[in-house]
1. What about Ile144, is it open to solvent by 50 Å² or more (accessible area, probe 1.4 Å) and β-branched (Val, Ile, Thr)?
2. Can you say whether Gly78 is surrounded by 13 or more Cβ atoms within 10 Å (Cβ to Cβ), on the phi > 0 side of the Ramachandran plot and not hydrophobic (A, V, I, L, M, F, W, C), as far as the supplied structure shows?
3. Within the stretch 112-122, which residues are in a helix (DSSP H, G or I) and open to solvent by less than 80 Å² (accessible area, probe 1.4 Å)?
4. Criterion first (among the basic types (Lys, Arg), open to solvent by 80 Å² or more (accessible area, probe 1.4 Å) and over 15 Å from Val156 (Cα atoms)) does Arg84 satisfy it?
5. If we scan the stretch 33-50, do we find a residue that is modelled with pLDDT under 90 and part of a strand (DSSP E or B)?
6. Looking at the stretch 100-111, is at least one residue touching a helix residue (DSSP H, G or I) at 6+ places or on another chain (Cβ under 9 Å), at pLDDT 90 or above and outside any helix (DSSP H, G or I)?
7. From the list Leu150, Leu161, Leu139, pick out the single residue that is modelled with pLDDT under 95 and crowded, with 16+ Cβ neighbours inside 10 Å.
8. Only residues that are touching a residue at least 40 places away in the same chain (Cβ under 8 Å) and within 26 Å of the chain's Cα centre (by Cα): list them for the stretch 126-156, please.
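The values are calculated or read from the model by the stated rules, or taken from the named source; none is laboratory data. Since this is a predicted model, take the numbers as computed values, not measurements. Cβ atoms come from the backbone with ideal geometry, glycine included; neighbour counts cover every protein chain shown. What goes into the accessible areas is simple: the full protein's heavy atoms, side chains included, and nothing from ligands, DNA or RNA. Shrake-Rupley method; radii C 1.70, N 1.55, O 1.52, S 1.80 Å.
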Amino acid sequence: MAEDATAEGEEEPKKKGGLVPLLIGLVLALVGGGAGFGIVAAGLIGGSSEEAKEEDKPKFEPEQVAFVPLDPLIISVGSPGVSRHLRFQAQLEVKPGNEPIVSAVLPRVTDILNGYLRAVEVADIEDPAALVKLRAQMLRRVQIVVGDGLVSDLLVSEFVLN
């Protein structure tokens, strides 16, 4: 009981100085951070900041390409009773130097595209995502006709359904 009386009547002395180490740690952290920033910004560690800026810039060099234009196509689509036409014009992306080879087979390319676009349903053409699908299908057909590796892309410049 004697112990209970002393515990109730007397308070233990509070530990002083808990704030001082915290402040010292905070000041040292700020000084260390500032010094680290100054050293890196001055270029003493990790190279100079100007060299880093030059290295971080992306080096963009566009690939050399050439384009072979296709003749415009006007294709009747839909049911026989309804007169609707699709105006289509595109260009073939080829590597420079391959233009004569691709130009020599343009009648076949026009024929294959004309046949494919006549077989496409009007509902497929009116779909907002249709151009992406149709473009992929047409590109694959052109690559088969021209030969692998000669045509890298088909760029549609006009695609209008009247």
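1. yes
2. Here the answer is yes, as Gly78 does meet what is asked.
3. Ile112, Leu113, Asn114, Gly115, Tyr116, Leu117, Ala119, Val122 - these are the residues of the stretch 112-122 that are in a helix (DSSP H, G or I) and open to solvent by less than 80 Å² (accessible area, probe 1.4 Å).
4. Here the answer is no, as Arg84 does not meet what is asked.
5. No: zero hits.
6. So far as the stretch 100-111 goes, yes, one or more of its residues are touching a helix residue (DSSP H, G or I) at 6+ places or on another chain (Cβ under 9 Å), at pLDDT 90 or above and outside any helix (DSSP H, G or I).
7. None of the others qualify; the one that does is Leu150.
8. Met138, Val142, Leu150, Val151, Ser152, Asp153, Leu154, Leu155, Val156 - these are the residues of the stretch 126-156 that are touching a residue at least 40 places away in the same chain (Cβ under 8 Å) and within 26 Å of the chain's Cα centre (by Cα).
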